[in-house]
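Derivation of every value follows stated rules applied to the coordinates shown; laboratory data play no part. The structure displayed is predicted, hence computed values, not measured ones. Using ideal geometry, Cβ is built from the backbone for each residue, glycine included, and neighbour counts are taken over all protein chains shown.
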Amino acid sequence: MSKKIPLFVSEEKLKYFTSVNQNVSPNDLVPYILQAQDIYLQGYLGTTYYNSLKSKVLAGTVSGPDQYLMDNYIGSALCNWGLSMALPFLKYKIFNKSVLSPKSETADSITLEELKFLQNECRNTAETYSKRLIEWMRNHPADYPLYIAPNVLDGELPQRGNPYFGNIVTPHQPYAYKRRLGYNNLAYYDNGMDCLECGPNTVGQTTTF
C-alpha cells in the first residue's frame, strides 16, 4: 500500500508564482518540493509543528492561523526553495547509462554559471519569505503553540535565527593585529583578556601592555 505524502504547495501556485513554464511536467517538480519541505520547512517550523501541519493537510482540516501561514509564507517560500533544488535536474537528466543535458531545437541551453545564478536568485527569494515566516510566528506565539513549545523527542527543533546563508568572514584588521603581536594560541586568552577581538576594534575589557 502506497503512503500518501502531503504537498504544502500546489502545482498551480508553483507555476503561477515562479517562472516555471506551464508545459513542465509535475513529475519533474514534485520530488524537489517534497525535499524542500523536509529539509527547509521542517527546519524552520520544527518537527512537532511540521508533522502537525502534514496531518492537517492530509485530512483537509487546515484553517485559521495555519491557513494564513500556508497562504502567505509557506507556499511562497516552498515555491522558490523547490525550484532552486529542481533547476539542476531540469537541465541535467539521469538515464540508465549516463547523465545527459538534452538540447532544444528552438532555444540554446544555459551554461552552468547561468544555472547557478538562477539558483541563487531563487534562494534569495526563498530566504526572504522564510525570514517573514519566522518573524510572523515569533510575533504571534499564541497562534502557534507547537512552534513555540515543541516536543524535543519529536526530532528537529525550530530554527529561529537568521535564515540567510552566508560565508564566515574573519575581520582582517583585528586578526592581522593579533598575528603581528604574536598571539597565535589560546594561552593569550587565559591571561585575563575579555574581548571578542583584540586590537583597534576591541570589544570588552581594555588592557594596557
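Details
- Each peptide in 26-38, 10-22 was scored by the mean count of other Cβ atoms within 10 Å over its residues; highest first, the order is 26-38, 10-22.
- Legend: distances between Cα atoms for K4/K131; K4/K56; K3/K56; pairs beyond 19 Å are K4/K131.
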